[in-house]
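Quick one: this structure, given as structure tokens, is what I'll be asking you about.
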Amino acid sequence: MSESKIGSVFVAGAGLMGSGIAQTAASSGLNVLLYDSAEGAADSAVRLIGERLRRSESQGKVAAGQAAAAAGRLRACLEPVKAASADLVIEAISEELSVKLAFWAEMEELCPEQVLFTSNTSSIPITRLAAATRRPERFMGMHFYSPVPVMELVELVRGLLTAEETYIRIETLAREMGKVPVSSADTPGFIGNRILIPFLNEAMQALQEGVGSAADIDQVAKLGFRHPMGPLELADFIGLDVILGICRVMHHGLHDSRYAPNPLLERMVEAGQLGRKTGRGFHDYNQPTVKG
């Protein structure tokens, strides 16, 4: 396995996480291809990233000229075959096992053997995803936190067969991207969601039982625990459909009732109230302000 420096990245998925990863990678000096199978999604994400970078520069958050330089290192693409030219693939697509397995099987056929593979999955075991390829030693988890350009944390997850050299190269890359890496075992939900999901579930249960309103529950977490965001606000920010998917994977993998999806969460997803992205979740984002 070559120890050459990682200089180019193919990011799959132009949603909230993928675009955030692409922006962070480009800002750290990497050449980035942002791919999405939906027509126009990658182009739209690249335009938004450019706007965010220019706004950050105008606000003095980045040095003059850095926005244009970062934007110049980022390109959109609709062709998965372009992954073959990258040093690393970072997958940030739908949190559905079948979709991810199909993606990685395709990447295995398209990419030369030296290309490293990482998944931003928040709950699916890395060993299971790596099994879709013939390079499990070059496959590992790289779980970023949202919003990626702001959050410093990244969970690094070794699969059963991940080579130590692969881990070292990805850990080095994470630091070059300005992140603080932590190492997690390859267990459903890793460290972060192992702690977070029971917290969110309990907040939802308190709301369902009428212990407090959504605004009051979030206020307790913010003022009583000094959390920057309440648990129900956080669930809305992540996306209730995403939270539901994580709960199902963890409950299935761990057989622990703490991770069983709350019934209120299931009903809200069925009703299409997914949080900020749909304008309504535990809070109503169609209003000028959200109390709490």
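The values are calculated or read from the model by the stated rules, or taken from the named source; none is laboratory data. Remember, it's a predicted structure, so these values are computed and weren't measured experimentally. Positions of Cβ are generated from backbone atoms using ideal geometry, with glycine treated the same way; all protein chains shown enter the neighbour counts.
Search region 116-141 for residues that are assigned by TED's automatic domain parsing to the domain that holds L160 and surrounded by fewer than 20 Cβ atoms within 10 Å (Cβ to Cβ) and pair each with any residue that is among the aliphatic types (A, V, I, L, M) and not in a helix (DSSP H, G or I) when their beta-carbon atoms are under 6 Å apart and the residues are at least 6 apart or on different chains.
T127/L160; E137/L161; E137/A163
Another question, then. Among residues belonging to region 242-254 that are within 16 Å of E202 (Cβ to Cβ) and under 14 Å from the mean Cα position of the chain (by Cα), point out the one that is surrounded by the most Cβ atoms within 10 Å (Cβ to Cβ).
In this case the residue turns out to be I243.
What single numbered condition from (1) touching a Pro at 6+ places or on another chain (Cβ under 6 Å); (2) at pLDDT 95 or above fails to hold for S123?
Of everything listed in (1) touching a Pro at 6+ places or on another chain (Cβ under 6 Å); (2) at pLDDT 95 or above, S123 misses just condition (2).
Exactly one condition in (1) under 18 Å from the mean Cα position of the chain (by Cα); (2) surrounded by fewer than 20 Cβ atoms within 10 Å (Cβ to Cβ) is false for R158; which is it?
Here R158 meets the rest and fails (2).
Please verify whether region 62-75 includes one or more residues that are basic (K, R) and either modelled with pLDDT of 95 or more or in contact with a His (Cβ under 9 Å, 6 or more places away or on another chain) (or both).
Here is the first cut: in region 62-75, the ones basic (K, R) are 73, 75.
Filter once more, so that each one left must be either modelled with pLDDT of 95 or more or in contact with a His (Cβ under 9 Å, 6 or more places away or on another chain) (or both): 73, 75.
Yes, the conditions are met somewhere in region 62-75.
Mind listing whichever residues of region 190-241 are small (G, A, S), within 18 Å of the chain's Cα centre (by Cα) and on the phi < 0 side of the Ramachandran plot?
G192, A235
Still on this structure: Just checking: which of the helices (runs of 4 or more DSSP H) contained wholly in region 160-279 hold 3 or more residues that are small (G, A, S)? Outline the logic, then answer.
Numbers: elements: 164-176, 192-208, 214-219, 231-238, 240-254, 263-270.
Because the criterion is at least 3 residues that are small (G, A, S), the helices (runs of 4 or more DSSP H) in region 160-279 that meet it are 192-208.
Name the one entry in A12, A84, A71, A22 that is under 23 Å from A174 (Cβ atoms) and more than 19 Å from the chain's Cα centre (by Cα).
That would be A71, the only listed residue that is under 23 Å from A174 (Cβ atoms) and more than 19 Å from the chain's Cα centre (by Cα).
Does region 184-196 contain at least one residue that is surrounded by 22 or more Cβ atoms within 10 Å (Cβ to Cβ), within 25 Å of V154 (Cβ to Cβ), among the hydroxyl-bearing types (S, T, Y) and touching a residue at least 60 places away in the same chain (Cβ under 8 Å)?
No, that holds for no residue.
Which pairs have Cβ atoms under 6 Å, sit 6 or more apart or on different chains, and link a residue in region 49-68 that is outside the structural domain of A25 (by TED's automatic domain parsing) and closer than 22 Å to L34 by Cα to one that is of a type outside the set (D, E, K, R) and exposed (fewer than 14 other Cβ atoms within 10 Å of the Cβ)?
Cβ pairs passing all conditions: none.
Let me ask another. Which is under 28 Å from R52 (Cβ atoms), surrounded by fewer than 22 Cβ atoms within 10 Å (Cβ to Cβ) and among the hydroxyl-bearing types (S, T, Y), of Y167, Y145?
Y145
Within region 146-169, can you find the residues that are under 17 Å from S27 (Cα atoms) and touching a helix residue (DSSP H, G or I) at 6+ places or on another chain (Cβ under 7 Å)?
Residues satisfying the conditions are S146, P147, V148, P149, V154.
Looking at the structure I just gave you, is R47 crowded, with 17+ Cβ neighbours inside 10 Å, modelled with pLDDT of 95 or more and among the basic types (K, R)?
No.
Where residues in region 255-292 are surrounded by 13 or more Cβ atoms within 10 Å (Cβ to Cβ), modelled with pLDDT under 95 and out of contact with any helix residue (DSSP H, G or I) (no Cβ under 6 Å at 6 or more places or on another chain), which of them is nearest to G230 (Cα to Cα)?
Going through the qualifying residues, I end up with V290.
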